[in-house]
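See structure below.
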Amino acid sequence: MCGIVGYIGKEEAAPILLYGLSRLEYRGYDSAGISVYDGGEVRTVKAAGKLENLIRLTEEGRAVHGSVGIGHTRWATHGEPSDVNAHPHVSASGRIAVVHNGIIENYLSLKQMLQAEGVVFRSETDTEVVAQLIDFYYEGDILRAVSRAVDKLDGSYALGILCSDHPDMLLAARKESPLIVAYGEGCNYIASDVTAVLKYTRSVSYMEDEEIAVVREGSITFYNEYLQQIEKPVVHIDWDVEAAEKGGYAHFMLKEIHEQPRVVKNTLSAHIRNGRVDLSDTMLTEDYCREIDKVQIIGCGSAYHVGVVGRYLLEKYARIPAEAVLASEFRYSEPIVDEKTLVIVISQSGETADTIAAMREAKRLGAKTLAIVNVVGSTIAKEADSVIYTLAGPEIAVATTKAYSAQLAIFYLITVALAEKRGKLKEAESAAIVRALEALPGQIEEILTHKEALQQLASKYFNNSSIFFIGRNLDYAISLEGSLKLKEISYIHSEAYAGGELKHGTISLIEPETLVIAVATYEQLFDKLMSNVKEVTARKASVFCVAQARNAEDAGKAAADCFFIPDTHEMLTPSLACVPLQLFAYYVALNRGCDIDKPRNLAKSVTVE
Ligand code: M6R
């Protein structure tokens, strides 16, 4: 996620901005920049790569003078990580400088409108549109120009704004992306995260959606969306820096679990236009979708598990042969792929060695590759024939949660696009799926409000030495992920089985009180999975069942413990079922005192074979 810091006071701004940015480094970024008003104009310095590059360029800030400025660490979403795409973005007149966190969904149409008015753009970013738009509306009153501009923005934003005509103020505005203002002694600050300013002050106000703040050296004034002046409480921060980096959550994993509603919303809304899935900016054209005769999905760990979900979806809805293959197996299996095979490559980091090797092998054999990647500019993103980005932001916990959810979201979109273009999905059915997709973020949010129930279950079962997961079809794919999540952070032995496989061997491991987690959200096979539940309860296993609310009565009769997810379209249950399993794994690991964010023997990105 990107980071914002701003300062206005009597000190030199640049060193304060650079220090603030260094406190935001933990969030992940790929470029950084600052803009400072130097008494005559706004001076902007930006550098791709590590913050050290910017620190060197500015001689630790000593080379940039002025006591009002804004700074930013960027995590690329639109346009590769580069000097020109780094923030701050400055309007063509040089008057307005903007730093931005979030995603402007309608930036292309705004850009076209401004280009038609003769505005010349330098970068590929959505943020530059904001700077140019504010300048476009500017007629001497910067507050009004900002208000008019943000009114036109769809999507999410936290903005820090500097105007060379008004060097006595910074402006801040937010919608769906965090932003605070902080009160100093004879100075004030803005920041996306309190960690950036905790060294200087612990008094802050949290901005709410559609509010604008005018921050001066000696005052901060807040306005609502109608530009009426409003009062805001001042909050005293008593967290330490480490807690502040986690946004008050005990671990990054828990923070990232809670980010899922926003991540899923951002990822979906980038490709849903006017109620329809739109992947027209990828290789999935109508002709290409009709041409391919099979799909291979490759990835490692959780990314592979998304592939297992994808394989079921593509076969069922697009009626195309599809297979999920572990990247480490694919690369050495002499795979049968050719120019008619679509190879979908899934990776959060885009740098996983086995996945890169498998992708290169697929390309060598003539297949076309479509990557689902989180990190813009990563190796897989660069080498694949086409890329769809998951807009999850940087993921810090080793155990993936939000990136996994974003990958699932992309897979639903790919399924709808392929099924439609191959003539396998009626318009009404697509529309129903899109409606259900749009409801997903709210439903995930609802599940998160019941996390205490998972915490209690975890307290009951955390001492088990072995935990089994069972499911069928999509629920089997989710069981694989639930089991991996649990074992990687809690170190409890765990395995996942397709429900029908139990009697072919595994059931011999079931003893009295063995915990079996039954994932029973796939409507068509709910009864079959309940039969499996009966098989294990007959052997005195304890069963915790995850089911849709519509099956609460039957699931409640079959299993001692249950968690019900909201009802959804049959294709989308993985996105809801995974959340209680993530939370269960998290609380089990917490009870066992494990190092949740950095489990033993594991690395976030596996860049060696
Ligand atoms: O960066 P990638 O998505 O390619 O990483 C793949 C796996 O290493 C990753 O999903 C791993 O299994 C996670 N630790 C699971 O939580």
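The values are calculated or read from the model by the stated rules, or taken from the named source; none is laboratory data. This structure is a prediction, so every number in the text was calculated from the model and none was measured. FYI the Cβ positions are ideal-geometry reconstructions off the backbone, even for glycines, and counts take in every protein chain you see. Surface accessibility is based on the protein's heavy atoms, side chains included, excluding ligands, DNA and RNA. Shrake-Rupley method; radii C 1.70, N 1.55, O 1.52, S 1.80 Å.
At 27 angstrom or more along the helix axis (alpha-carbon based) and mean Kyte-Doolittle of -1.0 or higher, what helices does the chain contain? Whole DSSP H runs only. List each step's numbers first, then the result.
Working: long enough: 402-421 (29 Å, 0.88); 427-448 (32 Å, 0.45); 573-591 (28 Å, 1.05).
Answer set is 402-421, 427-448, 573-591.
Rg over Rh of region 507-571, using C-alpha atoms and the Kirkwood radius, what does it come to?
Details: Rg = 11.5 Å, Rh = 11.8 Å.
My calculation of the ratio gives 0.98.
Using per-residue counts of other Cβ atoms within 10 Å, averaged over each peptide, order 294-305, 246-257, 277-288 from highest down. Can you show the working numbers first?
Values: 294-305: 25.0, 246-257: 20.2, 277-288: 15.3.
Descending mean neighbour count gives 294-305, 246-257, 277-288.
At 7 Å along Cα-to-Cβ for each site, give me the label-to-label distance between residue 281 and residue 439 in nm.
Here the answer is 2.9 nm between the modelled labels.
Given +1 on the Cβ of Lys and Arg, -1 on the Cβ of Asp and Glu, and no further charges, what dipole in debye does the chain carry about its Cα centre, rounded to the nearest 20? The partial results should precede the final answer.
On the way: 61 positive and 82 negative charges, 221 e Å.
My answer is approximately 1060 debye.
For residue 383 paired with residue 452, estimate the spin-label separation in nm (one decimal), with each label point 7 Å from Cα along the Cα-to-Cβ line.
Modelled inter-label distance: 5.0 nm.
Could you work out the local net charge near residue 283, counting Lys and Arg as +1, Asp and Glu as -1, over the other residues with Cβ closer than 10 Å to its Cβ?
Details: positive: 368; negative: 281, 385.
Surrounding charge for residue 283 is -1.
Mind listing the long-range amide H neighbours of residue 106? Cut-off is under 5 Å, sequence gap 5 or more, other chains count too, H placed in the peptide plane at 1.01 Å from N.
Residues meeting the amide H criterion: 154.
Please report, in whole Å, how far the alpha carbons of region 24-167 spread along each principal axis, starting with the longest.
39, 32, 23
Quick one: which residues, 5 or more positions from residue 344 or on another chain, have an amide H under 5 Å from its amide H? H modelled 1.01 Å from N in the peptide plane, none for Pro or chain starts.
296, 297, 298, 370
Working with all protein chains in place, sort 232, 487 by solvent-accessible area computed with a 1.4 Å probe, largest first.
So, going from the largest accessible area down, we get 487, 232.
Mind listing the phi-derived Karplus ³J(HN,Hα) values for region 275-280, rounded to whole Hz, using 6.51, -1.76 and 1.60 with θ = phi - 60°, and x for any glycine or proline?
Computed from phi, the couplings for region 275-280 are x, 10, 6, 10, 10, 5 Hz.
Would you work out the Kirkwood radius for region 246-448? I mean one over the mean of 1/r across all pairs of different Cα atoms, in Å.
Working: mean 1/r = 0.0589 Å⁻¹.
Taking every pair of different Cα atoms in region 246-448, averaging 1/r and inverting gives 17.0 Å.
When the accessible area of the chain is split by element with a 1.4 Å probe, what percent falls to carbon and sulfur? Provide the component values of the computation, followed by the final result.
Details: 10880 of 23170 Å².
After summing per-atom areas, the C and S share lands at 47 percent.
Could you sort the peptides 214-225, 129-140 by per-residue average Cβ neighbour count (10 Å cutoff), highest mean leading? Don't skip to the answer; put the middle values down first.
Details: 214-225: 16.7, 129-140: 22.1.
Result, highest mean first: 129-140, 214-225.
Could you check the simple spin-label distance between residue 225 and residue 550, using points 7 Å along Cα→Cβ, in nm with one decimal?
3.4 nm
By DSSP, what percent of the beta bridges with both residues in the chain are antiparallel, rounded to the nearest 5?
Working: 60 of 102 bridges.
Taking every DSSP beta bridge within the chain, about 60 percent pair in antiparallel fashion.
Go through 405, 158, 224 and say which Cα lies farthest out towards the positive end of the charge dipole of the chain; charges sit on Cβ, +1 for Lys and Arg, -1 for Asp and Glu.
405
Counting helices only, and only those DSSP H runs with n ≥ 4, report the 222 nm mean residue ellipticity of the chain as the sum of -39,500 (n - 2.57) divided by its residues, in deg cm²/dmol to the nearest 500. Each step should come with its number before you reach the end.
Details: 20 runs with 219 residues, N = 609.
Value at 222 nm, helices only, nearest 500: -11000 deg cm²/dmol.
Could you grab the relative contact order for the chain? Cα pairs under 8 Å, six or more apart, rounded to a whole percent.
Working: 1383 pairs, mean separation 65.0, N = 609.
Once divided by the residue count of the chain, the mean separation gives 11 percent.
Once each part is reduced to its C-alpha centroid, what is the distance from region 500-543 to region 360-375 in angstrom?
38 Å
With the dipole of the chain worked out from charges on the C-beta (+1 for Lys and Arg, -1 for Asp and Glu) around the Cα centre, which of 36, 314, 188 lies farthest toward the positive end?
Going by the Cα projections, it comes out as 314.
Find which of 336, 269, 292 sits farthest along the positive direction of the dipole of region 267-340, computed with +1 on the beta-carbon of Lys and Arg, -1 on that of Asp and Glu, about the Cα centre.
The one lying farthest along the dipole's positive direction is 269.
Could you pull out every one of the lysines with an alpha carbon less than 30 Å from that of residue 557, ignoring same-chain neighbours closer than 8 positions?
In chain and number order, the partners are 451, 460, 485, 487, 503, 528, 534, 540.
Given +1 on the Cβ of Lys and Arg, -1 on the Cβ of Asp and Glu, and no further charges, what dipole in debye does region 146-222 carry about its Cα centre, rounded to the nearest 20?
Working: 7 positive and 12 negative charges, 36 e Å.
About 180 debye.
Return the whole-Å distance between the Cα centroid of region 176-208 and the Cα centroid of region 239-264.
Answer, in whole Å: 18.
What list of ³J(HN,Hα) values in whole Hz, one per residue of region 390-396 in order, does the Karplus curve 6.51 cos²θ - 1.76 cosθ + 1.60 (θ = phi - 60°) give from phi, with Gly and Pro shown as x?
So the J values, rounded to whole Hz, are 7, 9, 8, x, x, 10, 9.
What net charge do the residues around residue 520 carry, taking every other residue with its C-beta under 15 Å from that of residue 520, with Lys and Arg at +1 and Asp and Glu at -1? Mind dumping the intermediate values first?
Working: positive: 472, 528, 534, 550, 557; negative: 475, 523, 527, 535, 553, 554, 561, 567, 570.
That sum, taken over residues with Cβ under 15 Å, equals -4.
Could you work out how far the C-alpha centroid of region 393-427 sits from that of region 270-295, in angstrom?
12 Å
What ranking of 87, 166 comes out by heavy-atom accessible area, probe 1.4 Å, highest first?
Largest accessible area first, the residues go 166, 87.
For region 187-193, in order, what is each residue's ³J(HN,Hα) by Karplus, 6.51 cos²θ - 1.76 cosθ + 1.60 with θ = phi - 60°, in whole Hz (x at glycine and Pro)?
7, 9, 9, 10, 6, 7, 7
Please compute the contact order of region 450-593 in relative form: average sequence separation of alpha-carbon pairs under 8 Å and at least six residues apart, divided by the residue count, as a percent. Don't skip to the answer; put the middle values down first.
Working: 265 pairs, mean separation 45.9, N = 144.
That works out to 32 percent.
Collect residues whose amide H, placed 1.01 Å from N in the peptide plane, falls under 5 Å from the amide H of residue 179; neighbours closer than 5 in sequence don't count.
207
Please report, in debye to the nearest 20, how large the charge dipole of region 99-147 is about its Cα centre when each Lys and Arg carries +1 at its beta carbon and each Asp and Glu carries -1 there.
Working: 3 positive and 8 negative charges, 5 e Å.
Dipole about the Cα centre, nearest 20: 20 debye.
Using a 1.4 angstrom probe, figure out how much accessible area the chain has per residue, in square angstrom, rounded to the nearest whole. Could you put the intermediate results ahead of the total?
Details: 23170 Å² over 609 residues.
Per residue, the chain has 38 Å² of solvent-accessible surface.
Could you please report the charge total around residue 577, scoring K, R as +1 and D, E as -1 over all other residues with beta-carbon less than 11 angstrom from its beta-carbon?
Values: positive: none; negative: 475, 481.
Here the charged neighbours net out to -2.
Provide the packing ranking of 438-445, 580-587, i.e. peptides ordered by the mean count of other C-beta atoms within 10 Å per residue, highest first. Before the final figure, lay out each step's value.
Working: 438-445: 18.4, 580-587: 26.5.
In decreasing order of mean packing, 438-445, 580-587 become 580-587, 438-445.
Need the full-extension length gain, residue 53 to residue 41, defined as separation in residues times 0.36 nm minus the C-alpha distance. One decimal, nm.
Values: separation 12, 0.36 × 12 = 4.32 nm, distance 2.31 nm.
Going from the current span to full extension adds 2.0 nm.
Could you give the radius of gyration (one decimal) and Dmax (whole number) of the Cα atoms in region 270-354, in Å?
Computed over the Cα atoms of region 270-354, radius of gyration and Dmax are 13.7, 44 Å.
For region 450-593, treating each Cα as an identical point scatterer without solvent, what Debye log10 I(q)/I(0) comes out at q = 0.12, 0.14, 0.20, 0.21 1/Å?
Each listed q corresponds, in turn, to -0.40, -0.55, -1.21, -1.35.
So how much slack lies between residue 600 and residue 117, counting 0.36 nm per residue of separation and subtracting their Cα-Cα distance, in nm? Could you put the intermediate results ahead of the total?
Working: separation 483, 0.36 × 483 = 173.88 nm, distance 5.68 nm.
Going from the current span to full extension adds 168.2 nm.
Give me the extension gain from residue 319 to residue 465: residue separation times 0.36 nm, minus the current Cα-Cα distance, reported in nm with one decimal. Display every interim value, and only then the final one.
Details: separation 146, 0.36 × 146 = 52.56 nm, distance 4.11 nm.
Contour length minus Cα-Cα distance gives 48.4 nm.
Taking the convex hull of the Cα atoms, report for the chain its projected area averaged over all directions, in nm². Can you show the working numbers first?
Values: hull surface 110.2 nm².
Answer in nm², one decimal: 27.6.
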